[in-house]
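What follows is a short report on a single structure.
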Amino acid sequence: MRFILILLFGIFFKPSLSAQFNIKVGYQYALTKPTIHNKIIDQINTNNNSFDDYNEMKSIKSFHGANFGARYRVGYVGLNLDWAPKFQSIKFDGINPATDVSEFQKLYYRLDNYSLGLEFFVKRFSVGASFDWNRMRVRSEDTERSDRHEIFTAKSTGSHFFVSLNVFGNENLTIALQPYVQIPWTKLDLTNLENDLNTGVNLDNYEDGFMNYGIRFVFQNGNYED
């Protein structure tokens, strides 16, 4: 640990290297396949298969959202601090034949990633990794309660690994494309989500990692060659 701290101190405070501070703003799209979570959603559709004019609740397959961050770069090494909120929503609706009443439920997902990591530059390219603190929140609207209310929140940890291609840059602005994958270290416990939805699904455990991969479009001040 002491060696790592000395190495970082040498990289970021070496007088012969020019330093640069970047503000980053971007958009991201991610694909995911949360198997445990989607089994809960499948059970909702199974429970409602007798509804007339039923529009089923889709499985979670993707997230999208913004990305905000800052980078302190010295030479070929950058220290990144990022916040990436991602969003998705899913819904079912139909007519309950037992009551002849239209019923619905809509779930709103928000997955916040807070990341601290390193990035290494070689001309137009860079590679990086981070440690992430993640928080998922789910809110609901339904037939019984039409206001948007929170039904679930949970936390986990993970890491981003990415490659960045700086496709445009001048002295004022750089645009970068960043394919990435986010791998969980710990999983989200969905027990309370199932308890609230009360689907009756029978699972051995309710932990899901929400591993995802996708691409980020990043705009930042400064020239990537600096």
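The values are calculated or read from the model by the stated rules, or taken from the named source; none is laboratory data. All values reported here derive from a predicted model rather than from experimental measurement. Quick reminder, even Gly has a Cβ in these numbers, built from the backbone with ideal geometry, and neighbours come from all protein chains shown.
Can you work out which of the residues in segment 93-111 that are hydroxyl-bearing (Ser, Thr, Tyr) and crowded, with 16+ Cβ neighbours inside 10 Å is nearest to residue 182 (Cα to Cα)? Per the stated criteria, the residue is 109.
Under the condition of being more than 30 Å from residue 141 (Cβ to Cβ), in contact (Cβ under 8 Å) with a residue 60 or more places away in the chain and in a loop (DSSP other than H, G, I, E, B), the residues counted in segment 181-226 number 4. Give me the residue from segment 18-41 that is exposed (fewer than 15 other Cβ atoms within 10 Å of the Cβ) and over 17 Å from the mean Cα position of the chain (by Cα) and, out of that set, modelled with the lowest pLDDT. Per the criteria, the residue is 18.
For segment 151-176, the tally of residues that are assigned to a loop (DSSP other than H, G, I, E, B) and in contact with a Phe, Trp or Tyr (Cβ under 7 Å, 6 or more places away or on another chain) stands at 0. Of all residues in segment 42-58, those that are crowded, with 18+ Cβ neighbours inside 10 Å and within 22 Å of the chain's Cα centre (by Cα) total 1. Just one of the listed residues (65, 78) is touching a Ser or Thr at 6+ places or on another chain (Cβ under 8 Å), over 30 Å from residue 49 (Cβ atoms), buried (at least 16 other Cβ atoms within 10 Å of the Cβ) and not β-branched (Val, Ile, Thr), and it is 78. Taken residue by residue, segment 70-80 has at least one member that is out of contact with any Cys (no Cβ under 6 Å at 6 or more places or on another chain), among the small types (Gly, Ala, Ser), part of a strand (DSSP E or B) and under 21 Å from residue 182 (Cα atoms).
Could you go through segment 142-150 and let me know if any residue there is assigned to a strand (DSSP E or B) and basic (Lys, Arg). Reasoning before the result, please.
Within segment 142-150, the first condition is being assigned to a strand (DSSP E or B), and the residues that meet it are 142, 149-150.
With the extra rule that they be basic (Lys, Arg), the set shrinks to none.
No: zero hits.
Put simply, of 86, 58 the only residue that is in contact (Cβ under 8 Å) with a residue 12 or more places away in the chain, of a type in the set (Lys, Arg) and not in a strand (DSSP E or B) is 58.
Yes or no: segment 126-145 includes at least one residue that is over 16 Å from residue 214 (Cα atoms), in contact with a Lys or Arg (Cβ under 6 Å, 6 or more places away or on another chain), exposed (fewer than 13 other Cβ atoms within 10 Å of the Cβ) and without any contact (Cβ under 8 Å) to a residue 24 or more places away in the chain. Scanning segment 126-145, I find no residue that is over 16 Å from residue 214 (Cα atoms), in contact with a Lys or Arg (Cβ under 6 Å, 6 or more places away or on another chain), exposed (fewer than 13 other Cβ atoms within 10 Å of the Cβ) and without any contact (Cβ under 8 Å) to a residue 24 or more places away in the chain, so the answer is no.
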